[in-house]
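**Student:** Below is the structure I would like to discuss, written out as C-alpha cells.
The values are calculated or read from the model by the stated rules, or taken from the named source; none is laboratory data. Please read these numbers as outputs of a predicted model, since none were measured by experiment. Cβ coordinates were reconstructed from backbone atoms using ideal geometry, including for glycine residues, and neighbour counts include every protein chain displayed.
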Amino acid sequence: MHDVYFESMAESERRRGDKRERTRRALINAALQVISEEGFAGASLDAIARRAGVTRGSIYSNFSGRDDLMMAAVASQGMRLDRDFAERQPLRTQLRRFAETLLVQFPAGERDGGLIIEFQLYAMSQPGLRPQLAAAYEQMFRKMTTALAAQYEGQLAISAHALALAVQALTMGLVWQFMLTPDEVRREDVIAAFEALACGAECLTRA
C-alpha cells in the first residue's frame, strides 16, 4: 500500500514537472514570436501571455519577471558552444577541439545572430537587464579562467583570464565575419587561428 502511494506521489510530481516545462517552453516560444513582431522594447507580458494562451500570472510562476523571460528566450537560440576546458590535454588540442565545435555551430550563429545582437544592444540600455547580462558573461569567464588556470598555470605567456578573453573575442569575431561573408571563413583558417592563439599563449614560454 505504501509503495503504491509513493509511486502515485512520484507520478504526480513528474506530471507537474512536465506541465511546468511545457508552460515554460510555450512562454519562451511566445516571447520569441512577439519579439520578432514588436522588438524587445515592445514585447509586453500581456501580449506574450495571450500568445502562449496562459494568464499573466503564469509568467511569474515560471520566471522572476520580464527580464528573466527575455534572457531565457534569447538563451534558447543561437550556438551551443562547449566552453568547458577541464579535460586534460595539450592547449593546442584543446583549442582545436573548440574550433571544430565552433565550425559546426556557425549556421546557428548566422541564423540567430541578429536576434542575439539586438538583445545585447537592448540589454545595454536597461538598468535591470544589463547587470544580468554582465553576470552571465562574468560567470562564463570565471569558469573558463578556472579551468585554464588549473591545467596550464605556469605554461602560459599570458594570464588564464587573458586567454579566456582572447578565446571569446576570437569566437565572436569569427561568428560575426561568418554572418557577413561565410565563404571567407574557411575551415582551415578557423583551425589555424585557434592554433596560432594556442602557440602565442603557450609557445612563448618555451622560447
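**Student:** Show the residue pairs that are 6+ apart or on different chains and have beta-carbon atoms under 6 Å apart, the first residue being within the stretch 155-167 and closer than 16 Å to Ala86 by Cβ and free of Cβ contacts under 8 Å to residues at least 60 places away in the same chain, the second being part of a helix (DSSP H, G or I) and aromatic (Phe, Trp, Tyr).
**Tutor:** Within 6 Å, the pairs are Ala164/Phe141.
**Student:** Yes or no: the stretch 146-153 includes at least one residue that is under 28 Å from Ala31 (Cβ atoms) and either among the small types (Gly, Ala, Ser) or in the same structural domain as Asp67 (by TED's automatic domain parsing) (or both).
**Tutor:** Within the stretch 146-153, none of the residues are under 28 Å from Ala31 (Cβ atoms) and either among the small types (Gly, Ala, Ser) or in the same structural domain as Asp67 (by TED's automatic domain parsing) (or both).
**Student:** Residues in the stretch 54-101 that are touching a helix residue (DSSP H, G or I) at 6+ places or on another chain (Cβ under 7 Å), closer than 27 Å to Arg20 by Cβ and among the aliphatic types (A, V, I, L, M): how many?
**Tutor:** Looking only at that region, the number is 9.
**Student:** Suppose the filter is under 14 Å from Arg83 (Cα atoms), of a type in the set (Val, Ile, Thr), touching a helix residue (DSSP H, G or I) at 6+ places or on another chain (Cβ under 9 Å) and part of a helix (DSSP H, G or I); does Thr171 pass it?
**Tutor:** So Thr171 fits the description; yes.
**Student:** Within the stretch 69-77, does at least one residue satisfy the condition of being β-branched (Val, Ile, Thr) and at pLDDT below 95?
**Tutor:** To start, the set of residues in the stretch 69-77 that are β-branched (Val, Ile, Thr) comprises 74.
Right, trim to at pLDDT below 95 and you get 74.
Taking every residue of the stretch 69-77 in turn, at least one turns out to be β-branched (Val, Ile, Thr) and at pLDDT below 95.
**Student:** Check off (1) of a type in the set (A, V, I, L, M); (2) in contact with an Asp or Glu (Cβ under 6 Å, 6 or more places away or on another chain); (3) surrounded by fewer than 20 Cβ atoms within 10 Å (Cβ to Cβ) for Leu91 and give me the number that stays unchecked.
**Tutor:** Among (1) of a type in the set (A, V, I, L, M); (2) in contact with an Asp or Glu (Cβ under 6 Å, 6 or more places away or on another chain); (3) surrounded by fewer than 20 Cβ atoms within 10 Å (Cβ to Cβ), Leu91 violates only (3).
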